[in-house]
Each structure stands twice: as C-alpha cells, then as structure tokens.
Amino acid sequence: MSNSKQILDFKTQLELQDTAFPMLQILNEEGKIVDEDGLKRAELSDEKLVELFKSMLFARQVDIRSMKLAKQGRMGFFGPHAGQEASQMASAFAFTDEDWLFPGYRDLPQIYSKGWPIWKGLLWSRGHQLGNEYTTDDGKPVNSWFPQIIIGAQYVQAAGVALGLKKRKKDAVAFVYTGDGGSSQGDTYEGINFAGAYKAPLVAFIQNNGFAISTPRSLQTAAPHLAAKGWAAGAPSIVVDGMDAIAMYLASKEARAWAVAGNGPVVIETITNRLEPHSTAGDDPLRYRTKEDIDAWWKKEPLVRMRKFLTDKGLWDTAKEEAYIAELDARIDADIKKANNVEKQKISSFIKNTLEVPSQAMLEQIEKFESEGK
C-alpha cells in the first residue's frame, strides 16, 4: 500500500539528496589520516606513496612551466591545472597502460602519465600534426584519445570504446574526465547512460573545480551533488575529496575493479578547485571570484597535505623535492627544445593532413602552395 504522504513530501526528497553522498576523505587538510581503514584498503606502500607524490609534483611543474611559456608567447592553448593534481594524477595512478584514457583539454598530465612525451603536448597546444600522434618516444602506442575541446563529447566516445573493450573481452576499462560545467552537457549524461545500459566498463570523473569558465558551480545545476547524475543512468556514484590523493587513488582503484568485473560504469565527483585562470586565452578569474577565495583554496591544495604526510612519515624532505624539481626542469627544457626544433607546418602540409586521399581540388591546392614554397 503506497504512502502518499511520504511519497509526495518534496521537501524531504530534497533534504535526502543533500545527505545521500558523503565525501570520501582519508587525508585531511592538515596532512593527517582520518580514515585508517581507507588507508589500509588503498594498499599503497611507502614507495608507491612517494611515486604518487612525484607524479603530482610533475603535473605542477608542467603547469608552472607551461604558464611561463604562454606568457612568453611560446605556447598555444593551455588550460591550467594547478590545484587538481590529486584529482587528475592520483586517479590516473589507479589505471593500467591497457586502459583507455579520454581527457578534456585540462587533462594533459594524465596523458603524460601514460608515456606521452611533453614535447608532443607542446605541439598539440600549437596545433601541430605531431601533437596528435599518441605514441611514446620509442614509438609504443599510448592508449589515449586526444584532449577533447568539445565539452562533454569525450563521454560518448569513452562509452563506445568501453563497450568495444567488453565485446573483445579485454581486461581493461575506459576512464574519462570532464568538469562541473561539462556535467551540464547532454553528451555527458548520454555517455553514462549508454555505458549503464550495456554494462560497459567505464569510470567517469566529474572534476568539480568550482567554475565552468566564469560560471560558478551553484549556477550550473540545482542538484546538491553532481554525482547524483550517475544514479539516473543506474550507475553507482560517489563524491571524493579531490584534494586528497589517497582518497582519489582508492576510489579510482575500486571503481576500476567494479567496472572491469562486468558491473558497468561508476561515476566519481571530485571536489577540487582550479587555482588559476580557466585558460591562457585572456581569462581573469578575479572578475568572477575573490582573491580571498583563491587564497583559501591554495592552503588546502593537494601538494601541501601530501607533502606534510610524507614528511611526517620520514619519506620526503626539502632536499629531495628540490633535487626532483631540478630533474623535472631539465626534462622539460629538453622537451621544449625538441618541440621547437620540429619543422613548422606549411599551408600545403595542412591540406595534405586533412584527408588520407585528397580530392582533386585539394591536390591542385597542394601543388599551388608547394610551388610557392608554402
């Protein structure tokens, strides 16, 4: 017998939504463990903890150097990612080389973690053809899609590849990233829904970094939690402290295990923050948020808490960090030099690279521009 009073209590429904997604946190803002069971479940050895932190330092240094290059006019499009190192790198740390990555344009660090060279990322930002070749320096394939510019489109693509992995009986998943703004796109829901309907092995991340360009999260949707959107597609969905590298790794590891076992997709909302402009294309974050808000988030950023945790365990110190940053800078310097030495594209090469078999009109254009040395 139905309970009309309970069913029609809309106010209580909204209150229940607000409490339905407790946030997973293992390492708090002070660098202290607040969930010992979660730490144990993550099964991260001391060596793995240091490796994870180094991957985050790598992402931060790439961000710092990329921002400098952009200010010097030596970088093309770049989406800064400072503040999202745990959300990005600690999640990627849980996946394998066989898994397929579907990044957004802010997610170059995750592609680098799969072996894609930095110099190709620089060329991608400049629109060079070689920036869309997903191989390592020694020619091995990198299982990653290109950084998607069309917001949310990567979700549909990831769902299709996930189904393909299932049909081929591969021990692999597809994992995909978008932001809070991307969660408002139809493609995002369609991708999750498709994966849910076919129980495709997909792990979907919604990086809630507070702003979709200049639109605050509060204006994106009335939903108390973006993770709730996964429930509509029948997907288990959770909220994770996106500044906590250990929680991010554990959630990603467990989600991958669930998906690869044939149970269908998982949606993970990461609570993080973009500490810099939306992109290097003229965005000024102080036009839509306060300096006090940015400063407060800098105090909670993922490197601060992970550094303190490792230091307290005797696994890290200032000397080690300075030496590693110097190593990273040398690596980045070499990649910048390599990218700068790649032959510039000509008009004729752009036309050649458009289609595998050029049309007659294109052949005539190629001949014309080549005769002019263009």
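The values are calculated or read from the model by the stated rules, or taken from the named source; none is laboratory data. Please read all numbers here as calculations on a predicted model, not as lab measurements. Here Cβ is always computed from backbone atoms with ideal geometry, including for glycine, and neighbour counts include all displayed protein chains. The protein model used for the area step is the full one, side chains on, heavy atoms only, and it has no ligands, DNA or RNA in it. Shrake-Rupley method; radii C 1.70, N 1.55, O 1.52, S 1.80 Å.
At-a-glance table
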| read-out | value |
| --- | --- |
| In segment 267-305, residue most open to solvent (accessible area, probe 1.4 Å) [restricted to those that are part of a loop (DSSP other than H, G, I, E, B), of a type in the set (Val, Ile, Thr) and closer than 20 Å to Arg60 by Cβ] | Thr280 |
| Where Phe194 falls short, out of the listed (1) surrounded by fewer than 18 Cβ atoms within 10 Å (Cβ to Cβ); (2) free of Cβ contacts under 8 Å to residues at least 40 places away in the same chain | (1) |
| Only one of Tyr189, Tyr155 that is hydroxyl-bearing (Ser, Thr, Tyr), within 20 Å of the chain's Cα centre (by Cα) and open to solvent by less than 40 Å² (accessible area, probe 1.4 Å) | Tyr155 |
| Verdict on Gly262 being modelled with pLDDT under 95 and on the phi > 0 side of the Ramachandran plot | no |
| Spans of helices (runs of 4 or more DSSP H) in segment 27-129 with at least 3 residues touching a Ser or Thr at 6+ places or on another chain (Cβ under 8 Å), open to solvent by 10 Å² or more (accessible area, probe 1.4 Å) and in contact (Cβ under 8 Å) with a residue 24 or more places away in the chain | 46-71 |
| Cross-chain or 6+ apart pairs with Cβ under 9 Å, segment 153-175 first and acidic (Asp, Glu), then open to solvent by less than 20 Å² (accessible area, probe 1.4 Å) | Asp171/Leu165 |
| Only listed residue being more than 27 Å from Leu69 (Cα to Cα) and open to solvent by 20 Å² or more (accessible area, probe 1.4 Å), chosen from Leu315, Leu310 | Leu315 |
| Residue among Gly242, Gly264, Gly210 that is more than 16 Å from the chain's Cα centre (by Cα), in the same structural domain as Val161 (by the TED database) and either small (Gly, Ala, Ser) or closer than 16 Å to Tyr155 by Cβ (or both) | Gly264 |
| Conditions (1) closer than 24 Å to Glu276 by Cα; (2) in contact (Cβ under 8 Å) with a residue 60 or more places away in the chain; number of the one not met by Gly181 | (2) |
| Residue list for segment 332-355, restricted to those being hydroxyl-bearing (Ser, Thr, Tyr) and free of Cβ contacts under 8 Å to residues at least 60 places away in the same chain | Ser348, Thr354 |
| Some residue of segment 336-355 being farther than 26 Å from Ser125 by Cβ, of a type outside the set (A, V, I, L, M) and open to solvent by less than 100 Å² (accessible area, probe 1.4 Å) | no |
| Residues (touching a strand residue (DSSP E or B) at 6+ places or on another chain (Cβ under 6 Å) and either closer than 14 Å to Arg106 by Cβ or open to solvent by 10 Å² or more (accessible area, probe 1.4 Å) (or both)) located in segment 158-181 | Val161, Val176, Tyr177, Thr178, Gly179, Asp180, Gly181 |
| Every residue from segment 28-47 that is touching a Phe, Trp or Tyr at 6+ places or on another chain (Cβ under 8 Å) and assigned by the TED database to the domain that holds Phe95 | Ala42, Leu44 |
| Selection from segment 189-231 of residues that are aliphatic (A, V, I, L, M) and part of a helix (DSSP H, G or I) | Ile192, Ala195, Ala197, Leu219, Ala228 |
| Within segment 232-247, tally of residues that are open to solvent by less than 10 Å² (accessible area, probe 1.4 Å) and outside any strand (DSSP E or B) | 7 |
